[in-house]
Amino acid sequence: MNEPARELERRRLWKLFTAYLRLSLRGKASRAFAGRFAGTSFGLSVLLGMYAAIGLAVGVAASAHVDVFAYALLMHGMTFVMVGLGLTAESGDALFNRAESDVLGHRPVPPRTLLVAKALALLAFTLLLALALNLPAAVLGLRTAGARPWLPAVHLLAVVVLGTFCVSAVVLAYGLVARVVGRERFETVAAWSQVTLAVSFLAASHGLPRLAAHMQGVGQAPPVLLVLVPPAWFAGLESSLGAAHAAPVNLAFGAVGLVATAALGWVAFGRLAPVEMLARAVAPHTRSGVPAPAAGAIAGRLGWWLRDPVERAAFRLAAVYLRRDREIKTRLYPSLVMFAFFPLLALISPSKSGGNSIPLLSVSMLGMLPAVALEAMRQSSNHTAAEVFASAPLASTGRVFHGVRKAAMWYLLLPGLLLAVALSALIVPAGLSLAIPGLIALPTFSLLPGLFGDYLPLSIPPTRGQQAGANLLLMTISTTALVVLLSTSWIASRTGRLPELLVVETAIVAAVHWGLRAWIAARPLRPK
């Protein structure tokens, strides 16, 4: 390629990158509801503020009485999980968008350039989250034993390398899927590959807080087996460059991290045929084979629960999208992992994770699944189709909301609860009674998304950070509710007052549930 061609390619890449970044951070909602659903930077600002607050709290608690490597291991482990989960939840919308073929399909844009532009926009979003999470932690690292004055700069450098590693891993995973499976199976396999990535991010950092807490000695050599855990690579890089006393193995860890990041990027962008990857993502195709069971048949069997025709229609709409739509599945499935992984992991090893209180933990966290699904269902690349709601005879969006909510409860919450209860009965049967307070509160938990403005499914465009922010907010709510329920249930169980607690809780929850339903139903629909 001659120099003018290279210059043209660089300019094209820069234009595409800035366009994707602007589109991802400030989408526009359906014109009929732009006043309420317009995507703005406010949500991203709130998300970044929440990440900074979490980083500050964890950094203050973690930086006392540890050396640089132990502190970096904990912070990079937290970053790996939170940024990795946010990335997997957002990557489907960032990399695959069929609508863009109408704009770019006839233009001479090389597929590799298009892929790199999308990946750079995704990397910019990832680094925003990672740096917001670690800016306070970088300064607090100076409190650790053996820290050099330039440690904050080294910490942020390690965070940038970690973010690049995560983005390269996601692009590589999609490239492998595009290479291996056919076009008709691409959407389903791509969604499940995101679930695998999310589980990998969680599993790779499981147990790191306990390990970092035990590593108190300055310059203490970490176990060599940590080379299998990616956060240890970047902790080794940080301690090698920013600590006065670093074990030689730390330098080896840092070298592994740099080599792995470079190798992932080279394979993902240079060897995995981005032409085929993008073609599979955006090319239309017809569905073949036996269609999925009709959602209407299931809604008919649940007639006692879906008596309202608007609720029944919304249930069918949500059921079809939850079962078939690639965009919804790639946004939703990784988000579900966060709320299912820890409860199920705790059930498998209850002796180390809270014993008989684990069934309550499982129920409380799984109770957030409908809210996660409702937030994922708000967004769609075809959001302009939501203008159909403006012409529908709806005085309120309450009945639409309840139909989508019940679909999420039927397809997601019910299977998760059945699995959790079965595992609890097999592993910690003595704790099943403590799960009852959480079960009582589940229907009320599912009403939370309906409290923030009119709820209409598929009515806003995919906006970068929205799903990650919703997941973080719901995780905060579920954790708070878990602490309250767990403390109250444990005290009541110890004092023999659990039956009285259940009676009081049922009365309070019933009153709150009735009030929230009335509030959602009474709020009028005001399209703009």
- Query: Given the residues Leu74, Leu48, Leu120, Leu104, which is the only one that is at pLDDT below 80 and among the hydrophobic types (A, V, I, L, M, F, W, C)?
  - Reply: Leu104
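Say whether the condition of being at pLDDT 70 or above, surrounded by fewer than 22 Cβ atoms within 10 Å (Cβ to Cβ) and not charged (D, E, K, R) is met by at least one residue in the stretch 202-216.
Here is the first cut: in the stretch 202-216, the residues at pLDDT 70 or above are none.
No, the stretch 202-216 contains no residue that is at pLDDT 70 or above, surrounded by fewer than 22 Cβ atoms within 10 Å (Cβ to Cβ) and not charged (D, E, K, R).
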- Task: For the stretch 446-475, name all the residues that are at pLDDT 75 or above, part of a helix (DSSP H, G or I) and buried (at least 23 other Cβ atoms within 10 Å of the Cβ).
- Result: Pro449, Gly450
- the stretch 376-395, residues that are surrounded by fewer than 24 Cβ atoms within 10 Å (Cβ to Cβ) and in contact with a helix residue (DSSP H, G or I) (Cβ under 6 Å, 6 or more places away or on another chain): Ser381, Glu387, Ala390
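Report yes if Pro393 is part of a loop (DSSP other than H, G, I, E, B), in the same structural domain as Pro437 (by TED's automatic domain parsing) and without any contact (Cβ under 8 Å) to a residue 40 or more places away in the chain, otherwise no.
Details: part of a loop (DSSP other than H, G, I, E, B): yes; in the same structural domain as Pro437 (by TED's automatic domain parsing): yes; without any contact (Cβ under 8 Å) to a residue 40 or more places away in the chain: yes.
It is true that Pro393 is part of a loop (DSSP other than H, G, I, E, B), in the same structural domain as Pro437 (by TED's automatic domain parsing) and without any contact (Cβ under 8 Å) to a residue 40 or more places away in the chain.
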- Query: So Gly141 fits all but one of (1) at pLDDT below 85; (2) crowded, with 23+ Cβ neighbours inside 10 Å; (3) touching a strand residue (DSSP E or B) at 6+ places or on another chain (Cβ under 8 Å); what number is the exception?
  - Reply: (1)
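Across the stretch 509-528, what is the total count of residues that are in a helix (DSSP H, G or I) and either surrounded by 13 or more Cβ atoms within 10 Å (Cβ to Cβ) or touching a helix residue (DSSP H, G or I) at 6+ places or on another chain (Cβ under 7 Å) (or both)?
Kept after step one, since they are in a helix (DSSP H, G or I), are these residues of the stretch 509-528: 509-522.
This time we only want the ones that are either surrounded by 13 or more Cβ atoms within 10 Å (Cβ to Cβ) or touching a helix residue (DSSP H, G or I) at 6+ places or on another chain (Cβ under 7 Å) (or both), so: 509-510, 512-513, 516-517, 519-521.
Residues flagged as in a helix (DSSP H, G or I) and either surrounded by 13 or more Cβ atoms within 10 Å (Cβ to Cβ) or touching a helix residue (DSSP H, G or I) at 6+ places or on another chain (Cβ under 7 Å) (or both) within the stretch 509-528 amount to 9.
How about the stretch 143-175: which of its residues are under 14 Å from Ser63 (Cβ atoms) and touching a residue at least 24 places away in the same chain (Cβ under 8 Å)? Lay out the reasoning, then the answer.
Taking the stretch 143-175 first, the residues under 14 Å from Ser63 (Cβ atoms) are 143-147, 151-152, 155.
Scanning the stretch 143-175 gives Arg143, Thr144, Ala145, Gly146, Ala147, Leu151, His155.
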- Item | Where Val224 falls short, out of the listed (1) among the β-branched types (Val, Ile, Thr); (2) surrounded by fewer than 16 Cβ atoms within 10 Å (Cβ to Cβ); (3) modelled with pLDDT of 85 or more | (3)
- Residue in the stretch 16-44 that is farthest from Pro108 (Cα to Cα), counting only those that are surrounded by 12 or more Cβ atoms within 10 Å (Cβ to Cβ) and modelled with pLDDT of 75 or more: Leu21
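Looking at Arg378, Arg399, Arg405, which one is in the same structural domain as Leu516 (by TED's automatic domain parsing) and either in contact with a Lys or Arg (Cβ under 7 Å, 6 or more places away or on another chain) or modelled with pLDDT under 85 (or both)? Steps first, please.
Numbers: Arg399 fails: either in contact with a Lys or Arg (Cβ under 7 Å, 6 or more places away or on another chain) or modelled with pLDDT under 85 (or both); Arg405 fails: either in contact with a Lys or Arg (Cβ under 7 Å, 6 or more places away or on another chain) or modelled with pLDDT under 85 (or both).
On inspection, the qualifying residue turns out to be Arg378.
Sort out for me the helices (runs of 4 or more DSSP H) sitting completely within the stretch 236-325 that have 2 or more residues that are of a type in the set (A, V, I, L, M, F, W, C) and modelled with pLDDT under 85. Show your work before the answer.
On the way: elements: 248-270, 274-282, 295-301, 309-324.
The qualifying helices (runs of 4 or more DSSP H) are 248-270, 274-282, 295-301.
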- Considering (1) at pLDDT below 85; (2) touching a helix residue (DSSP H, G or I) at 6+ places or on another chain (Cβ under 6 Å), say which one Thr126 fails and leave the rest. (1)
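The values are calculated or read from the model by the stated rules, or taken from the named source; none is laboratory data. Predicted, not measured: the structure shown is a model, and the values here were computed from it. Here Cβ is always computed from backbone atoms with ideal geometry, including for glycine, and neighbour counts include all displayed protein chains.
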